[in-house]
1. Within segment 199-235, how many residues are in contact with a helix residue (DSSP H, G or I) (Cβ under 6 Å, 6 or more places away or on another chain) and among the aliphatic types (A, V, I, L, M)?
2. Considering only residues that are in a loop (DSSP other than H, G, I, E, B) and touching a helix residue (DSSP H, G or I) at 6+ places or on another chain (Cβ under 9 Å), look in segment 110-121 and name the one that is surrounded by the most Cβ atoms within 10 Å (Cβ to Cβ).
3. Within segment 80-108, how many residues turn out to be under 28 Å from residue 141 (Cβ atoms) and loosely packed, with under 10 Cβ neighbours inside 10 Å?
4. Is there a residue in segment 135-152 that is among the β-branched types (Val, Ile, Thr) and surrounded by fewer than 18 Cβ atoms within 10 Å (Cβ to Cβ)?
5. Scan segment 187-217 for residues that are more than 22 Å from residue 146 (Cα to Cα) and out of contact with any Leu (no Cβ under 9 Å at 6 or more places or on another chain) and jot them down.
6. When segment 92-109 is examined, which residues are found to be among the hydroxyl-bearing types (Ser, Thr, Tyr) and in a helix (DSSP H, G or I)?
7. Residues 78, 112, 70: which one is assigned by TED's automatic domain parsing to the domain that holds residue 194 and aliphatic (A, V, I, L, M)?
8. Which residue, of 141, 177, is of a type outside the set (Val, Ile, Thr), modelled with pLDDT of 85 or more and either outside any loop (DSSP other than H, G, I, E, B) or touching a strand residue (DSSP E or B) at 6+ places or on another chain (Cβ under 9 Å) (or both)?
Amino acid sequence: MIRKPRALVIGAMVAGALAFGGVAVPLTSHPKLCASCHNIRPSYESWLVSSHKTVTCVDCHVRPTVEGYLQDKVIVGLRDVAIYVFGTPTDPHNLQATVSSEVCLGCHQAILRVSEIAVRDLPPPVKDVGLIMSHRKHIEAFAKRDKGEGCTTCHSRVVHEKPIKGYPIVIPRGHVASDPKPYYPDHPEGTKLRAVALADCFRCHDGKTTHEGKVLSKKCEICHLPEKIAIFLSN
């Protein structure tokens with residue numbers, strides 16, 4: 001007779017927890033709520049007009065495993081809320097977030113099979129010079145270097161940045177920094193987001209950095225189609 005009420009109480013607690021989770025999880029996963037608690041209003045506004053506007057914060061910033069969910073959503077989320085309520089939130093231009101490559105590849109798995117990007121798929125003005133890009137080689141190299149690099153090493157601002165210099169979408173900067181008329185981001189001088197936005201392919205392909213005992217070349221034809229860049233090199 002004593003066990004039945006206890007079982008009912010336990011059942012009621014489990015049902016309540018499931019019901020609460022069914023409401024709380026979707027609610028706390030909505031980007032509007034993320035922007036209200038976290039100091040990410042600029043990132044939220046850039047996301048609204050990005051190519052990833054149908055992909056939520058949780059889809060990218062929470063790894064698709066139980067451990068990833070507990071660490072990235074629950075623990076980090078509660079910590080950020082505590083900082084927002086009781087502490088001093090980090091300036092939005094100095095925020096840094098980690099997006100695991102496994103999350104990116106969950107949607108973009110096919111990119112690992114692409115070694116050359118067709119000219120027709122390139123936005124102007126990159127279309128004029130073509131592009132050779134083995135994503136698989138880069139992902140494998142990042143894994144061997146074991147420095148926390150991955151998809152966002154090159155594509156870090158694809159969602160939370162503005163297109164530059166005639167590009168219709170946000171793409172890696174290439175070597176815009178060496179352009180005669182370089183583009184400078186809106187982020188304040190000395191901030192982390194400004195440094196990230198200014199980073200380009202020359203961070204590794206500088207003629208000095210080595211990988212597996214070899215210096216990474218910065219020759220044009222390493223990344224660009226020779227027949228496309230010949231006219232530029234002959235001038």
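The values are calculated or read from the model by the stated rules, or taken from the named source; none is laboratory data. As the structure is a computational prediction, the values presented were derived from the model and not from experiment. A quick note on method: Cβ atoms are made from the backbone with ideal geometry, for glycine too, and the neighbour counts reach across all protein chains shown.
1. 1
2. Residues of segment 110-121 in a loop (DSSP other than H, G, I, E, B): 114-115, 118.
Adding the requirement that they be touching a helix residue (DSSP H, G or I) at 6+ places or on another chain (Cβ under 9 Å) leaves 114-115.
Values: 114: 14, 115: 11.
Selected residue: 114.
3. Qualifying residue count, segment 80-108: 1.
4. The answer is no, given that none of the residues of segment 135-152 is among the β-branched types (Val, Ile, Thr) and surrounded by fewer than 18 Cβ atoms within 10 Å (Cβ to Cβ).
5. Scanning segment 187-217 gives 188, 189, 190, 191, 194, 197, 198.
6. 101
7. Numbers: 78 fails: assigned by TED's automatic domain parsing to the domain that holds residue 194; 70 fails: assigned by TED's automatic domain parsing to the domain that holds residue 194.
When all the criteria are applied, what remains is 112.
8. 141
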